[in-house]
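Q: For reference, the structure I am asking about is given below.
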Amino acid sequence: MSDPTKRISELRTLLTRANAAYYQDAAPTMSDSEFDTLLKELAELEALHPELHDSNSPTARVGGDPIEGFETLPHAVPMLSIDNTYNEDELKQWVDRMLKNTGGSESESALFEGSPEIGFACEPKIDGVALSIRYEQGRFIRALTRGDGEQGDDVSHAARTIRSIPLTLEGDSIPDIIEIRGEVYIPLSEFLRINEARIEEGDEPFMNPRNACAGTLKSLDPKAIASRKLGFVAHGRGELSDPEFASGHQEFCDRISAMGFDVGEHRTLETNLKGVLSSIQHIDAIRHDLQYATDGVVIRVDEFAQQDAMGTTSKSPRWCIAYKFPAERKPTRLLRVEHQVGKTGKITPRATLEPVLLAGTTVSHATLHNYGMIRTRDLHEQDLVEVEKAGEIIPQVVGVILDQRPDSATQILPPDHCPACDAPLEIEPIEAHEDPTLETTRRCMNPECPAQIREKLVWFAGRKQMDIDGLGESTIDQIRTTDIPLNHFADIFDLHKHRDALLELERMGEKKVDNLIAGIEDSKSRGMAKLLAGMGIRHVGATTAKLLARRFRDIDELRSAALWELMPTAVNTMSQAKREELTGSKDKLGEVYETGLGADTAPAVHEYLQSRAASDTFDQLKQRGVDLTSKDIVDPSETIESPFAGKTIVITGTLENFTRTQLSDQLEVMGAKVSGSVSGSTDLLIAGEKAGSKRTKAESLGVEIWDEDTLMETLKKS
Ligand SMILES: [Zn+2]
């Protein structure tokens with residue numbers, strides 16, 4: 001075996017370079033799959049050699065343990081905001097002021113001819129979340145959000161997962177201390193994907209990319225953050241120990257680009273107003289093709305000495321201004337609001353508008369998100385409203401033109417009863433980290449609600465779920481107008497008994513009916529992941545269903561799982577008492593797997609699985625021959641060769657080289673099951689300093705006991 005220390009350092013360098021090449025030069029040095037293979041090799045080596053741990057290793061990007069909360073820390077240099085203008089005249093005045101301040105001529109022509117004494121750096125203004133990242137001796141130290149400008153939240157756990165933020169800086173003469181400022185953004189394609197997934201899981205979609213980005217940064221779970229592919233574009237500086245590092249903005253950007261940062265594209269250096277205006281025009285023309293949302297152009301005096309001479313006001317620097325593009329917004333009539341019932345019973349208000357052309361597409365519907373938003377905006381039917389494309393994507397109603405409200409306008413009241421079944425609606429508060437304007441969600445809780453049943457059946461039979469050939473939306477609607485029962489998933493699998501009645505339906509010849517029956521028969525073998533994804537259980541979409549199917553052999557095993565077994569590894573960091581409360585079974589404590597359910601959603605899913613309704617549904621499906629077993633099961637001990645594979649290990653006492661969570665993660669990677677308490681099935685106890693009752697119990701049961709030295713030796717050898 002080659003020298004692991006050497007290989008680890010080789011892999012780290014290789015991956016860091018490949019990463020930089022990917023984000024800077026747009027000329028990748030290796031393919032994505034090659035990158036992933038090397039990253040996996042590094043992760044495995046690091047797990048086997050915990051003594052070589054480095055929090056800035058490229059593997060840190062795939063996410064570590066969830067953090068407990070945010071620490072608020074002061075900025076070394078305050079993070080000011082930039083003055084905005086929507087107005088060309090104001091921009092002209094600003095350019096004029098800058099020219100005069102740097103000794104340019106007082107005449108109007110100087111404004112257009114400019115002065116050799118000054119340069120204006122112009123670049124797209126990214127609509128993201130500002131971050132300040134501190135490096136000492138070329139190593140990533142921490143990342144803070146803007147906060148109130150004086151102090152911000154430490155989001156290092158999130159920043160580490162962002163691949164365009166270097167963890168080690170490349171090159172020579174890197175300043176001892178350098179703080180890089182810039183914008184974190186969510187790529188537009190990723191924004192669409194996340195919202196689609198959220199809608200699928202019955203969650204509120206994000207309003208716009210910035211909102212999604214801020215929500216993601218505030219997540220405590222680095223793995224969840226890493227999965228969202230955030231990007232970072234650098235454009236400024238905080239503390240900088242080397243005053244000679246760069247003489248101006250343009251040079252600064254070139255230098256940090258060489259150190260591994262993405263500094264964005266389309267930056268130009270102009271000398272006069274004409275140049276600034278043409279740069280604005282150019283950026284406006286190309287901005288819809290950029291992968292991030294932009295809402296304007298930032299213009300700054302390039303030279304640092306000139307910047308320093310001009311200084312700042314209490315809020316913002318004098319040498320910098322943002323020209324903002326007017327949002328694409330148009331007035332139109334809000335004709336009516338429909339209350340749609342989703343497959344999980346959620347009621348969503350949707351506006352029907354008088355069609356209007358907006359950013360190149362005709363808009364005739366807009367989401368109103370929820371009833372809180374209708375109330376805060378005071379919307380009425382028949383109002384003249386302003387519609388905007390948020391983040392250039394989802395049309396939404398942003399305001400109402402009150403002085404043009406017609407007499408016929410009627411207030412939009414949130415329904416108290418389901419528009420489909422008249423059951424009283426339940427009102428839920430929205431999770432705290434989402435947009436504060438979202439106040440409440442209304443939900444029909446009636447399991448027999450025909451609107452929900454229809455949506456559920458359509459979803460269940462859909463392509464990505466049970467993929468039932470011949471059972472599309474219109475066929476479902478058609479059958480549901482007859483006496484043929486089609487109210488539960490199980491009814492689908494009884495449809496063959498109604499062949500004669502089906503043949504009598506319009507447009508349903510013999511061939512179509514036989515196709516349908518064959519399609520239904522065929523779908524019975526899809527397996528647990530597809531079935532779970534198809535049932536429209538809240539919080540269980542395709543991805544989560546697949547993760548559950550990897551962990552549990554069949555529906556019975558899943559249904560008999562205790563609540564804590566559905567929890568992510570976050571549960572490892574819970575107090576012993578809390579875990580005991582969750583499980584009720586001390587013996588199985590600590591056997592925690594990654595299931596894909598969040599600690600907040602697990603209880604809801606668990607409750608459903610334990611419910612009478614779930615039990616009936618699964619029994620009925622089983623009786624009809626639907627396959628409830630997993631086709632995706634992964635046994636973590638099978639594929640790994642290590643002295644710990646398949647062993648049940650308990651860790652106790654204080655360890656010198658690891659926290660208990662770190663060690664248990666490493667042992668799990670090596671195929672062990674880490675448990676919280678000693679029992680007859682324990683294979684090995686790892687006892688650190690001050691091991692107490694667990695050690696005594698292990699001794700009495702004759703369980704093998706290792707001290708930390710023995711453990712370290714074995715880890716080094718393997
Ligand atoms: Zn209903």
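Here, each number is a calculation from the coordinates, and none is a lab measurement. Here the structure is a predicted model, which means the values were calculated and not measured. Counting neighbours? That spans all protein chains shown, and the Cβs are built from the backbone with ideal geometry, glycine included.
Q: Under 15 Å from the 7 Å Cα→Cβ point of Asp176, by amide nitrogen: which residues of region 231-273?
A: 239-245
Q: Please go through region 222-315 and write out the GluC sites (Glu not before Pro) that DSSP classes as loop and that have at most 14 other C-beta atoms within 10 Å.
A: Glu244, Glu265
Q: Using the Cα centre as the reference, give the magnitude of the dipole from point charges on the C-beta atoms of region 672-718 (Lys, Arg: +1; Asp, Glu: -1; all else neutral), rounded to the nearest 20 debye.
A: Charge dipole, region 672-718, about its Cα centre: 200 debye, nearest 20.
Q: Something else: Could you name the lysines in cross-link range of Lys125, using Cα to Cα under 21 Å and dropping any fewer than eight places away on the same chain?
A: Of all the lysines, those that pass the test against Lys125 - Cα under 21 Å, at least 8 places apart if same chain - are Lys92, Lys229, Lys274, Lys315, Lys324, Lys389.
Q: Please work out the FRET efficiency for the pair Asp632 and His496, using the Cβ-Cβ distance as r and a Förster radius of 30 Å; give the result to the nearest 0.05.
A: 0.60
Q: Same structure, new question: Once both labels are modelled 7 Å past Cα along the beta-carbon direction, what's the Glu704-Leu402 spacing in nm?
A: 7.6 nm
Q: Glu41 versus Ala76, label points 7 Å from Cα toward the beta carbon: distance in nm?
A: 3.6 nm
Q: How would you rank 397-406, 335-344, highest first, on the average number of other Cβ atoms within 10 Å across their residues?
A: 335-344, 397-406
Q: Would you kindly state how much longer the chain becomes between Asp242 and Ala285 on full extension, computed as 0.36 nm times their sequence separation minus their alpha carbon distance, in nm to one decimal?
A: 11.7 nm is the gain from fully extending Asp242 to Ala285.
Q: State the extension gain, in nm to one decimal, for the chain segment bounded by Asn101 and Lys6, taking 0.36 nm per residue of separation less the distance between their alpha-carbons.
A: 28.6 nm
Q: Send over the Kirkwood Rh of region 450-523, from the inverse of the averaged 1/r over different Cα pairs, rounded to one decimal Å.
A: Final number for the Kirkwood radius of region 450-523 is 12.1 Å.
Q: Figure the gain on full extension for Glu504 and Leu269 (residue separation times 0.36 nm, minus the Cα-Cα span) and round it to one decimal in nm.
A: Fully extending the segment from Glu504 to Leu269 adds 77.2 nm.
Q: Residue farthest toward the positive end of the dipole of the chain, with Cβ of Lys/Arg at +1 and Asp/Glu at -1: which of Ile194, Val703, Leu52?
A: Val703
Q: Sticking with this one: Please work out whether region 83-324 counts as rounded, prolate or oblate from its C-alpha gyration tensor, where a ≥ b ≥ c are the square roots of the eigenvalues and a/c under 1.5 means rounded, while otherwise a/b larger than b/c means prolate and anything else oblate?
A: Oblate.
Q: Here's another thing I want to ask about it. With the Cα gyration tensor of region 4-62 giving a ≥ b ≥ c as the square roots of its eigenvalues, does the rule (a/c under 1.5 for rounded; else a/b larger than b/c for prolate; else oblate) give rounded, prolate or oblate?
A: Judged from the Cα gyration tensor, region 4-62 comes out prolate (a/c at least 1.5, a/b above b/c).
Q: What is region 328-409 by shape, rounded, prolate or oblate, if you read a ≥ b ≥ c off the alpha carbon gyration tensor as root eigenvalues and call it rounded for a/c under 1.5, prolate for a/b larger than b/c, and oblate otherwise?
A: oblate
Q: Which Cys residues of the chain have no other Cys beta carbon under 4.7 Å away?
A: Cys122, Cys213, Cys253, Cys320
Q: Could you compute the FRET efficiency for Gln411 and Asp469, with r as their C-beta to C-beta distance and R0 at 60 Å, rounded to 0.05?
A: After rounding, the FRET efficiency stands at 0.80.
Q: Would you give the gap between the C-alpha center of region 162-236 and the C-alpha center of region 302-353, rounded to a whole Å?
A: Using only Cα atoms, the two centres lie 19 Å from each other.
Q: To continue, here is another question. How big is the convex hull of the Cα atoms of the chain, per residue, in Å³?
A: Enclosed volume per residue, from the Cα hull, is 199 Å³.
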